[in-house]
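Below are the structure tokens for one structure; questions will follow.
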Amino acid sequence: MQTNDKSGVKEYRAHEDRYQSMKYNRSGKSGVLLPALSLGLWHNFGFVDSLQNGRDILRGAFDLGITHFDLANNYGPPYGSAEENFGLLYKKDFKPYRDELFIASKAGFDMWPGPYGNLGSRKYLMASIDQSLNRMGLDYVDIFYHHRPDPDTPLEETMIALSDIVRQGKALYVGISNYQPKETAEAAALLRELKVPFILHQARYSIFDRWVEDGLLETLEDEGLGCIAFSPLAQGMLTNKYVNGIPDDSRAAKDFTYLEREQVENNLVKIKNLAKIAEQRGQKLSQMAIAWLLNRPAVASVLIGASSVKQLKENVGALEQLHFSEEELKLIDAN
């Protein structure tokens, strides 16, 4: 007898050709190869979102050769819910593929009330990794990041905590995020002394936001570290969405988002100019923005978000045209 299940959701079997078209880059001087595009679960995977849509995106990503899924303890909303949902979907779909996946989590921003649920103390980090592993149903993560510098906790305390997390088998590698060049070099020296595999710095980087070019990229190259770039589309400004102004349903038109209407209005001329360059290259603006990053020194992977499988595939299409002429690079710099 058959069931009457008409949902259309079938048991997941990954595409056999998933590694044929994705490009993989070495992270610094480590043994780790990352997909040129990695999937971030900052948005679209919380309890307020559609679990089935998240499932479709994760399946679609892996089928495209995206092996790196990036999370943090406070991703949601609410906090922790992205890890919980990922854990549920991992158990349903991805457990047989665990050794093909490179899973990240982080801690450093506010997670629970009181003095021990934020920043970079040993107490916070040791509790955070245990909580994250429990939410995701994992024995270990492939990389665990300190999410941001803590000006009041000695850097040595934070780095020793990361070292102990690796030695306890709860992470294979460690990384940092949002650190300045000097702090990055100091962290690298401490972790080198501790003999901990430090391989990645996760930094905000896009055509519109180039703070990492003021010394950080050089520091990463000197230290043999890779960069994974987040917010590559500048919160959506580097897409075709705003070429003709600000749509009513866009992020910039809504309150309580990370993108202000004024910010878009101030960049509209640049957005239009960049979109024309992309069109001449046979790309959408978002694809050109991703391709541009993949040509930058030390960038091992670009961290993308996706609200649908269609958007995910569109972003992966950036890999079809990675070459830039000198003239194109000059025009992009001018904008």
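The values are calculated or read from the model by the stated rules, or taken from the named source; none is laboratory data. Everything numeric in this text was worked out from a predicted model, so none of it was measured. Methodologically, a virtual Cβ is constructed for each residue, glycine included, from the backbone with ideal geometry; neighbour enumeration extends over all protein chains shown. Please note that ligands, DNA and RNA were not included when accessible areas were found on the heavy atoms of the full protein model with its side chains. Shrake-Rupley method; radii C 1.70, N 1.55, O 1.52, S 1.80 Å.
Can you tell me which residue in the range 289-311 is nearest to L220 (Cα to Cα), limited to those that are open to solvent by less than 10 Å² (accessible area, probe 1.4 Å), among the β-branched types (V, I, T) and not in a helix (DSSP H, G or I)? Lay out the reasoning, then the answer.
Keep residues of the range 289-311 that are open to solvent by less than 10 Å² (accessible area, probe 1.4 Å), which gives 289-293, 300-302, 304, 306.
Now narrow it down to the ones that are among the β-branched types (V, I, T): 290, 302, 304.
In the following step, the residues that additionally are not in a helix (DSSP H, G or I) were identified as 302, 304.
On the way: V302: 16, I304: 21 Å.
My answer is V302.
Any residue in the range 17-40 that is free of Cβ contacts under 8 Å to residues at least 60 places away in the same chain sitting within a Cβ distance under 9 Å of a residue that is in a loop (DSSP other than H, G, I, E, B) and open to solvent by 20 Å² or more (accessible area, probe 1.4 Å)? List the pairs, counting only those 6 or more apart or interchain.
Listed pairs, sorted by first residue: R18/L64; G31/P197.
Cβ contacts < 9 Å: first residue in contact (Cβ under 8 Å) with a residue 24 or more places away in the chain and open to solvent by less than 10 Å² (accessible area, probe 1.4 Å), restricted to the range 277-288; second residue among the hydroxyl-bearing types (S, T, Y) and not in a helix (DSSP H, G or I), any location; separation 6+ or different chain. Result?
L285/T239; S286/T239
Let me ask another. Filtering the range 177-187 down to residues that are in contact with a helix residue (DSSP H, G or I) (Cβ under 9 Å, 6 or more places away or on another chain) and over 12 Å from L162 (Cβ atoms), which residue is surrounded by the fewest Cβ atoms within 10 Å (Cβ to Cβ)?
K182
While we're on this one: Quick check on the range 62-69. Is at least one of its residues open to solvent by 20 Å² or more (accessible area, probe 1.4 Å) and not small (G, A, S)? Talk me through it step by step, then tell me what you get.
Pass one, the range 62-69, residues open to solvent by 20 Å² or more (accessible area, probe 1.4 Å): 63-64.
Then drop every residue that is not not small (G, A, S), which leaves 63-64.
Yes, there is a match, as at least one residue in the range 62-69 is open to solvent by 20 Å² or more (accessible area, probe 1.4 Å) and not small (G, A, S).
For the subset of the range 19-37 comprising residues that are in a strand (DSSP E or B) and open to solvent by 30 Å² or more (accessible area, probe 1.4 Å), which member is farthest from I176 (Cα to Cα)? So that I can check it myself, show each step before the final result.
Step one: of the range 19-37, the residues in a strand (DSSP E or B) are 24-26, 33-35, 37.
If we keep only those that are open to solvent by 30 Å² or more (accessible area, probe 1.4 Å) too, we end up with 24, 26, 33.
Details: Y24: 21, R26: 17, L33: 18 Å.
Only one residue tops the list, namely Y24.
Conditions first: (1) farther than 21 Å from D209 by Cα; (2) open to solvent by less than 10 Å² (accessible area, probe 1.4 Å); (3) without any contact (Cβ under 8 Å) to a residue 60 or more places away in the chain. E314 passes all but one, so which condition is the exception?
(2)
Tell me the residue from I207, I199 that is open to solvent by less than 30 Å² (accessible area, probe 1.4 Å), more than 16 Å from K284 (Cα to Cα) and at pLDDT 95 or above, please. It would help to see each step written out before you state the result.
On the way: I207 fails: more than 16 Å from K284 (Cα to Cα).
After ruling out the rest, the residue left standing is I199.
Any residue at all in the range 112-121 that is more than 18 Å from the chain's Cα centre (by Cα), closer than 19 Å to S38 by Cα and not aliphatic (A, V, I, L, M)?
Here is the first cut: in the range 112-121, the ones more than 18 Å from the chain's Cα centre (by Cα) are 112-121.
Next cut, closer than 19 Å to S38 by Cα only: none.
Scanning the range 112-121 turns up no residue that is more than 18 Å from the chain's Cα centre (by Cα), closer than 19 Å to S38 by Cα and not aliphatic (A, V, I, L, M).
When you go through R13, R59, R55, R98 one by one, which is the residue that is part of a loop (DSSP other than H, G, I, E, B) and either under 18 Å from the mean Cα position of the chain (by Cα) or at pLDDT 95 or above (or both)? Please lay out each step first, then the result.
Numbers: R59 fails: part of a loop (DSSP other than H, G, I, E, B); R55 fails: part of a loop (DSSP other than H, G, I, E, B); R98 fails: part of a loop (DSSP other than H, G, I, E, B).
The conditions single out R13.
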